Structures are given as C-alpha cells and as structure tokens.
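Here is the structure we will look at.
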Ligand code: SF4
C-alpha cells in the first residue's frame with residue numbers, strides 16, 4: 001500500500017497523469033485540477049487530493065509523479 005498526494009495549487013491540469021495513470025488520476029471539475037480517483041481517494045478538497053493505492057499500482061503512480069511537469073504528485 002502506498003500513499004499518493006496531488007497538490008492542486010501547483011497542478012496546471014496538463015493531463016499527463018490522466019494519460020499515464022488513468023486508473024489513479026482524473027480531472028476534478030470543480031477546481032479544474034487533478035484528483036485521485038475512486039476507489040482510492042481518501043481525502044479530497046480544494047487544496048489537495050490524497051489516496052491510498054495497492055502495491056500493483058505504485059509503479060504507475062511513480063511514473064506519473066516523475067512525469068508531472070510541476071512536481072505536484074508525491075508517492076510515499
Ligand atoms: S501531470 Fe501534474 S500538472 Fe499535469 S494534470 Fe497531473 S498533477 Fe496536474
């Protein structure tokens with residue numbers, strides 16, 4: 001199990017993470033930024049979106065995080 005966090009303040013909604021890890025990330029319509037998808041999201045608000053993901057999806061999350069142009073995704 002890994003924890004992922006998206007910083008909505010710095011996200012520029014480029015869509016890279018949606019394309020690389022569509023099971024994990026999606027557009028959050030109210031903010032126009034990225035949020036963690038169901039069923040993984042644990043806390044989502046205007047500032048950040050936090051989720052817990054199974055080990056099988058950790059590589060996809062790390063790939064999205066390393067490809068995010070603003071460093072808005074953290075995988076712990
Ligand atoms: S890759 Fe980064 S900047 Fe682009 S939509 Fe995802 S979180 Fe936002």
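The values are calculated or read from the model by the stated rules, or taken from the named source; none is laboratory data. Predicted, not measured: the structure shown is a model, and the values here were computed from it. Cβ sites come from the backbone with ideal geometry, for glycine too, and all protein chains shown count toward neighbours.
At-a-glance table
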{"quantity": "Subset of region 29-40 (residues that are more than 9 Å from the ligand (Cβ to nearest atom) and either surrounded by 21 or more Cβ atoms within 10 Å (Cβ to Cβ) or in contact (Cβ under 8 Å) with a residue 60 or more places away in the chain (or both))", "calculated": "35, 36"}
{"quantity": "Any hit, region 50-64, residues being out of contact with any helix residue (DSSP H, G or I) (no Cβ under 7 Å at 6 or more places or on another chain), within 10 Å of the ligand (Cβ to nearest atom) and at pLDDT 95 or above", "calculated": "no"}
{"quantity": "Selected residue (criterion: surrounded by the most Cβ atoms within 10 Å (Cβ to Cβ)) from residues of region 1-23 that are part of a loop (DSSP other than H, G, I, E, B) and either free of Cβ contacts under 8 Å to residues at least 40 places away in the same chain or more than 10 Å from the ligand (Cβ to nearest atom) (or both)", "calculated": "13"}
{"quantity": "Selection count, region 65-76, where residues are outside any helix (DSSP H, G or I) and within 15 Å of the ligand (Cβ to nearest atom)", "calculated": "8"}
{"quantity": "Among the candidates 61, 56, residue that is within 8 Å of the chain's Cα centre (by Cα) and assigned to a helix (DSSP H, G or I)", "calculated": "61"}
